[in-house]
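Chemist: Here it is: the structure, laid out below.
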Amino acid sequence: LRALSPQFSLRLMFAMQGSGNYLAGAQVRILNSRGAVVLDATSEGPYFLAQLPPGSYTVEVSALGQTQQQT
């Protein structure tokens, strides 16, 4: 997957803070600048790749009862 990752505009890798252990099963939501969900998926592994049109997005990731968000 790392070899393919440059082909995608969004590249995420999930790991546990502290231990650095990889994390699978994270819920990923991508919202556009108007707050509309453009992608809602579950990551089956530590890497998550998506091709999004140019623009501004908010990424929400939920795993193990916690949610993080970044624009």
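The values are calculated or read from the model by the stated rules, or taken from the named source; none is laboratory data. Because the structure is predicted, anything quoted here is derived from the model rather than measured. Because the Cβ atoms are built from the backbone with ideal geometry, glycine has one as well, and the counts that use them run over all protein chains shown. Just the protein is used for accessible areas: all its heavy atoms, side chains included, with ligands, DNA and RNA removed. Shrake-Rupley method; radii C 1.70, N 1.55, O 1.52, S 1.80 Å.
Chemist: Quick one: what pairs do we get from the stretch 41-56, first residue over 15 Å from Q7 (Cβ atoms), second hydroxyl-bearing (S, T, Y) and surrounded by fewer than 13 Cβ atoms within 10 Å (Cβ to Cβ), C-beta under 6 Å, 6+ apart or different chains?
Modeler: That search, which allows pairs on different chains as well, returns P46/Y22; S56/S33.
Chemist: Taking the residues in the stretch 19-71 that are touching an Asp or Glu at 6+ places or on another chain (Cβ under 9 Å) and of a type in the set (S, T, N, Q) as candidates, determine which candidate is least open to solvent (accessible area, probe 1.4 Å).
Modeler: Among them, the one singled out is Q27.
Chemist: Filter the stretch 15-39 for residues that are touching a Ser or Thr at 6+ places or on another chain (Cβ under 6 Å) and closer than 23 Å to P54 by Cα and give the result.
Modeler: Hits for the stretch 15-39 are Q27, V28, L31, S33.
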